[in-house]
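J.: Here it is, the structure in full.
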Amino acid sequence: MNIFGPVNSRRLGLSLGIDLVPGFCTFNCVYCEINRQKIRTCQRREYIPTVDIITELDQHLADEDKAELDIYTITASGEPTLHNGIGRIIRHIKDHSSKPVAVLTNGSLLHMPEVRRELMAADIIIPSLDAARPAGFLALNRPAAGLGIDTIIKGIKNFKEEYPGKLWLEILLCQGINDSEDDIKALEHAVDSIVPDKIQLNTVDRPPLEANARPLSRPRLKQIAARLPGEVEIIARGHSDPAAHKTVRPNDPHEIIELLKRRPCTSEDICLTLNYEKTWVLTTLEKLAEAEQITPTRHRDLKYWTMTKETNERRKGNKEQRAE
């Protein structure tokens with residue numbers, strides 16, 4: 001399935017997710033929640049046939065009012081702007097719905113004029129900028145060959161100057177990797193040049209790809225938030241309110257599987273995200289574990305569930321692959 005949800009998003013409300021690129025990304029971030037995201041590339045192509053995504057979308061667009069959606073969110077198990085049909089998909093949604101469209105991106109391809117053009121019809125773009133110094137950028141984001149942080153920052157800045165919608169800049173910090181004084185000063189300067197409509201400050205939350213990806217403390221996040229120019233929202237777990245519940249949905253184990261394919265979750269995450277009753281979720285998780293489809297893991301004293309294959313890969317360690 002290329003479309004998942006609707007899910008309760010902490011940032012965007014009741015959101016229908018549209019996954020454009022499975023397993024290919026321009027980065028291989030140490031904090032990534034998706035272990036299979038190993039193949040780094042900057043090659044734009046039709047990773048999933050655009051017509052297949054639009055056909056699947058049409059089924060949801062027909063029942064939009066019943067679903068009580070707030071927004072359509074274009075994301076990926078990789079980097080969505082690698083898909084060269086993203087502009088057509090955005091325009092199709094806008095032509096058939098009055099709901100806004102958001103795009104979650106790592107921002108690495110916004111230096112390309114064609115990518116900026118294709119995103120213009122969206123209502124909200126949320127690019128990432130975790131580091132503004134080359135050392136921190138290379139250590140944290142581990143980019144595909146040819147991607148430099150100065151080019152990425154310039155691309156985000158150019159896009160903001162051209163874009164009529166809202167641009168929210170997400171910054172994720174890892175302890176000891178991109179949170180030094182020099183790192184924060186560089187981020188202050190970059191943010192000041194981009195002038196985003198809002199900054200969303202984050203840290204490691206769910207089980208990361210690499211064990212050295214450690215979260216910042218709450219006091220440290222607040223300290224850094226106070227230094228960044230403009231409106232800053234801390235979105236790390238414990239800082240933001242959970243999404244408000246809407247209409248309870250029919251229980252469907254496949255929705256849990258689709259969610260866990262995209263990120264590890266606690267049982268509470270699943271209940272909040274999918275509007276499912278807790279007892280049924282706990283029972284279903286145990287059944288899926290007995291069938292060896294999912295596996296429990298612990299992170300920061302919380303029990304998370306993830307796909308069995310990904311849990312095994314995490315235990316073996318990450319072996320980077322390239323497809324440049």
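Every residue, every condition in (1) acidic (Asp, Glu); (2) modelled with pLDDT under 95; (3) touching a Lys or Arg at 6+ places or on another chain (Cβ under 8 Å); (4) farther than 20 Å from THR151 by Cα, yes or no:
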site	(1), (2), (3), (4)
LYS185	no, no, no, no
GLU188	yes, no, yes, no
ASP197	yes, no, yes, yes
GLN200	no, no, yes, yes
ARG206	no, yes, yes, yes
PRO215	no, yes, yes, yes
ARG218	no, yes, no, yes
LEU228	no, no, no, yes
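J.: State yes or no: is ILE156 assigned to a strand (DSSP E or B), buried (at least 22 other Cβ atoms within 10 Å of the Cβ) and under 21 Å from the mean Cα position of the chain (by Cα)?
T.: No, not satisfied.
J.: Still on this structure, I have one more. From the list THR50, THR41, THR73, THR26, which residue is surrounded by 21 or more Cβ atoms within 10 Å (Cβ to Cβ), over 23 Å from GLU233 (Cα atoms), of a type in the set (Ser, Thr, Tyr) and touching a residue at least 24 places away in the same chain (Cβ under 8 Å)?
T.: Unique residue meeting the criteria: THR26.
J.: Ok, one more. So, in the stretch 135-146, of the ones that are buried (at least 20 other Cβ atoms within 10 Å of the Cβ) and among the hydrophobic types (A, V, I, L, M, F, W, C), which residue ends up nearest to GLY78 (Cα to Cα)?
T.: ALA144
J.: Given the residues GLY165, GLY136, which is the only one that is closer than 17 Å to ASP197 by Cβ, small (Gly, Ala, Ser) and more than 18 Å from the chain's Cα centre (by Cα)?
T.: Only one candidate qualifies: GLY165.
J.: Going residue by residue through the stretch 55-73, is there one that turns out to be part of a loop (DSSP other than H, G, I, E, B), under 16 Å from the mean Cα position of the chain (by Cα) and either modelled with pLDDT of 95 or more or closer than 29 Å to VAL204 by Cβ (or both)? Give the derivation first.
T.: So the first thing to find is which residues in the stretch 55-73 are part of a loop (DSSP other than H, G, I, E, B), and the list is 63, 68-70.
Applying the additional criterion that residues be under 16 Å from the mean Cα position of the chain (by Cα) yields none.
Scanning the stretch 55-73, I find no residue that is part of a loop (DSSP other than H, G, I, E, B), under 16 Å from the mean Cα position of the chain (by Cα) and either modelled with pLDDT of 95 or more or closer than 29 Å to VAL204 by Cβ (or both), so the answer is no.
J.: If you don't mind, there's one more thing I want to ask. Return the only residue of LEU104, LEU61 being surrounded by 20 or more Cβ atoms within 10 Å (Cβ to Cβ), under 23 Å from LEU274 (Cβ atoms) and not basic (Lys, Arg).
T.: One residue alone meets the criteria, LEU104.
J.: Checking LEU172 against (1) assigned to a loop (DSSP other than H, G, I, E, B); (2) buried (at least 22 other Cβ atoms within 10 Å of the Cβ); (3) out of contact with any Lys or Arg (no Cβ under 9 Å at 6 or more places or on another chain), which single condition isn't satisfied?
T.: With respect to (1) assigned to a loop (DSSP other than H, G, I, E, B); (2) buried (at least 22 other Cβ atoms within 10 Å of the Cβ); (3) out of contact with any Lys or Arg (no Cβ under 9 Å at 6 or more places or on another chain), LEU172 is out only on (1).
The values are calculated or read from the model by the stated rules, or taken from the named source; none is laboratory data. Small disclaimer: the values here were computed from a predicted structure and weren't measured. Here the Cβ is made from the backbone with ideal geometry for all residues, glycine too, and neighbour counts use every protein chain on show.
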